[in-house]
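S.K.: First the structure, which I've put down as structure tokens, then a few questions once you've had a look.
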Amino acid sequence: MQNHRKPVRFGVYLPAYHRASEPAPSARFLASYAHQAEALGFDSLWVIDHLFVSPPSYCVAFLEPFSVLAAVAGSTERITIGTGILVLPLRDPVLVAKTLASLDAMSEGRIVFGAGVGWDQRELDACQIDRSSRGQRMDEILEIILGLWREDCFSFSGHHFMLRDVQLEPRPVQQPRPKIWLAAGTVPSGTSSHITQDHRYRPDRGLRRVARYGDTLMSAYRSVPDGDTRWLRKDRERLEQLAIEEGRSPSELTHAIQDHMYIRMDSLTTAVETTVSQFTAKPFAEIAPYYLLGRPEAIIPKLQARIDAGITELAINFIDPDPSQLELFAHHIRPHLRAASGELPAGSR
């Protein structure tokens with residue numbers, strides 16, 4: 001694997017979700033959370049996208065991601081904001097291109113476009129999408145969005161979409177375009193059967209999509225059971241091979257990961273289990289090897305292993321929406337993480 005080290009960045013997911021017994025978070029709360037994250041030195045803000053409560057992964061309901069990003073764009077100044085990730089096959093490509101371009105303009109060039117094929121059958125059914133068409137639809141949507149952002153007048157003829165002489169205004173502020181993060185990578189056997197149950201999941205297809213259209217491979221927490229980073233390394237090696245096949249330099253592509261975290265300064269296992277049960281429908285014993293849970297000294301080595309494996313951005317979703325989790329990470333975890341090069345700590349300014 002080639003060594004293309006870049007400074008490590010740390011992102012945080014907005015707690016744009018709620019449990020069945022609780023009201024949805026307000027725009028005021030989310031704006032305050034975003035402002036605090038920026039003040040503490042986080043580099044990016046993200047939103048999860050699910051149309052419905054989506055067991056077994058989650059037992060919470062998520063707000064619509066574009067609405068959330070619009071709500072926090074005005075309460076922040078430098079931090080990037082992104083979809084992490086948008087279930088792209090559910091959506092119309094022209095509307096997505098327009099919305100992302102508008103958000104990029106409103107945020108003065110801070111939007112990141114993260115997308116994936118999705119897995120929840122109920123979401124696909126509700127939007128009248130054949131599960132077997134997800135990959136092809138996503139490729140066509142990406143082609144259309146890139147074309148609308150790049151060209152003054154764009155036409156497209158595909159299996160699922162057809163456009164003639166479409167002009168998009170405004171175009172994104174960022175040049176040549178906003179960064180594109182694509183979810184892909186290996187799902188270790190036995191970790192997420194709800195994703196691989198139809199036996200159609202092929203990691204190579206997603207990695208090829210990243211190599212062709214993307215700027216960043218976004219791996220998921222499930223790729224690092226008990227801190228074992230071998231799948232991250234294998235996916236990165238394969239991505240570099242595919243990038244060369246697509247006529248790109250591997251140095252153009254970066255590697256990020258999305259993780260779920262809950263920090264405790266004590267050793268109350270029951271409190272950890274209770275918090276986990278309020279966020280995911282999976283049994284605690286099943287999810288514990290994948291989530292980052294407990295005291296800082298238990299979490300730091302697992303994060304460091306990700307950085308040492310080549311991860312250049314960690315996007316962290318705190319499963320407890322209390323903003324004090326931001327403080328705990330900033331003061332008790334980030335200062336103890338070193339850059340993969342062995343130079344300054346990843347959190348140094």
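S.K.: Quick test of your reading of the structure: ARG28 fulfils all but one of (1) touching an Asp or Glu at 6+ places or on another chain (Cβ under 6 Å); (2) without any contact (Cβ under 8 Å) to a residue 12 or more places away in the chain. Name the failing condition by number.
M.R.: Only one criterion in (1) touching an Asp or Glu at 6+ places or on another chain (Cβ under 6 Å); (2) without any contact (Cβ under 8 Å) to a residue 12 or more places away in the chain is unmet by ARG28, namely (1).
S.K.: Turning to a different aspect of this structure: Could you give me the residue pairs with C-beta distances under 6 Å whose first residue belongs to segment 202-217 and is within 11 Å of ILE180 (Cα to Cα) and part of a loop (DSSP other than H, G, I, E, B), whose second residue is at pLDDT 95 or above and of a type outside the set (Val, Ile, Thr) wherever it lies, and which are 6+ apart or on separate chains?
M.R.: GLY214/LEU182; ASP215/LYS179
S.K.: Further, regarding this structure: In segment 134-158, which residues are closer than 16 Å to LYS98 by Cα, buried (at least 21 other Cβ atoms within 10 Å of the Cβ) and in contact (Cβ under 8 Å) with a residue 60 or more places away in the chain?
M.R.: Selection gives LEU142 alone.
S.K.: Out of all the residues in segment 80-96, which are touching a Lys or Arg at 6+ places or on another chain (Cβ under 7 Å) and closer than 23 Å to ALA34 by Cα?
M.R.: Those that are touching a Lys or Arg at 6+ places or on another chain (Cβ under 7 Å) and closer than 23 Å to ALA34 by Cα: THR80, ILE81.
S.K.: Suppose we filter segment 51-65 for residues that are buried (at least 19 other Cβ atoms within 10 Å of the Cβ) and either out of contact with any Lys or Arg (no Cβ under 6 Å at 6 or more places or on another chain) or closer than 25 Å to SER102 by Cα (or both); how many remain?
M.R.: So the count comes out to 6.
S.K.: Any idea which of THR80, THR99, THR76 is within 27 Å of ALA126 (Cβ to Cβ), hydroxyl-bearing (Ser, Thr, Tyr) and at pLDDT 95 or above?
M.R.: THR99
S.K.: Then there is this: Out of LEU86, LEU103, LEU69, I need the residue that is without any contact (Cβ under 8 Å) to a residue 40 or more places away in the chain, of a type in the set (A, V, I, L, M, F, W, C), touching a strand residue (DSSP E or B) at 6+ places or on another chain (Cβ under 6 Å) and closer than 30 Å to LYS282 by Cα. Which one?
M.R.: LEU86
S.K.: Also, quick follow-up: Among (1) modelled with pLDDT of 95 or more; (2) out of contact with any Ser or Thr (no Cβ under 8 Å at 6 or more places or on another chain), which single condition is ARG131 missing?
M.R.: Only one criterion in (1) modelled with pLDDT of 95 or more; (2) out of contact with any Ser or Thr (no Cβ under 8 Å at 6 or more places or on another chain) is unmet by ARG131, namely (1).
S.K.: Step by step: first the residues of segment 218-246, then only those that are under 26 Å from ILE48 (Cα atoms) and among the acidic types (Asp, Glu), then the one that is surrounded by the most Cβ atoms within 10 Å (Cβ to Cβ). Which residue is that?
M.R.: Within segment 218-246, the match that is surrounded by the most Cβ atoms within 10 Å (Cβ to Cβ) is ASP235.
S.K.: Is there any pair with a first residue in segment 231-257 that is without any contact (Cβ under 8 Å) to a residue 12 or more places away in the chain and a second that is assigned to a helix (DSSP H, G or I) and among the basic types (Lys, Arg) whose Cβ atoms are under 6 Å apart and which are 6 or more apart or on different chains, and what are they?
M.R.: none
S.K.: Any chance segment 57-77 includes a residue that's of a type in the set (Ser, Thr, Tyr), touching a helix residue (DSSP H, G or I) at 6+ places or on another chain (Cβ under 6 Å) and closer than 13 Å to LEU14 by Cβ?
M.R.: Scanning segment 57-77 turns up at least one residue that is of a type in the set (Ser, Thr, Tyr), touching a helix residue (DSSP H, G or I) at 6+ places or on another chain (Cβ under 6 Å) and closer than 13 Å to LEU14 by Cβ.
S.K.: Out of everything in segment 55-114 that is among the polar types (S, T, N, Q) and in a helix (DSSP H, G or I), what residue ends up being farthest from ARG131 (Cα to Cα)?
M.R.: Taking the candidates together, the pick is SER102.
S.K.: Yes or no: segment 301-313 includes at least one residue that is part of a loop (DSSP other than H, G, I, E, B) and at positive phi.
M.R.: Looking for residues that are part of a loop (DSSP other than H, G, I, E, B) and at positive phi, one finds at least one in segment 301-313, hence yes.
The values are calculated or read from the model by the stated rules, or taken from the named source; none is laboratory data. A quick note: this is a predicted structure, and the numbers were derived from the prediction, not measured. Quick reminder, even Gly has a Cβ in these numbers, built from the backbone with ideal geometry, and neighbours come from all protein chains shown.
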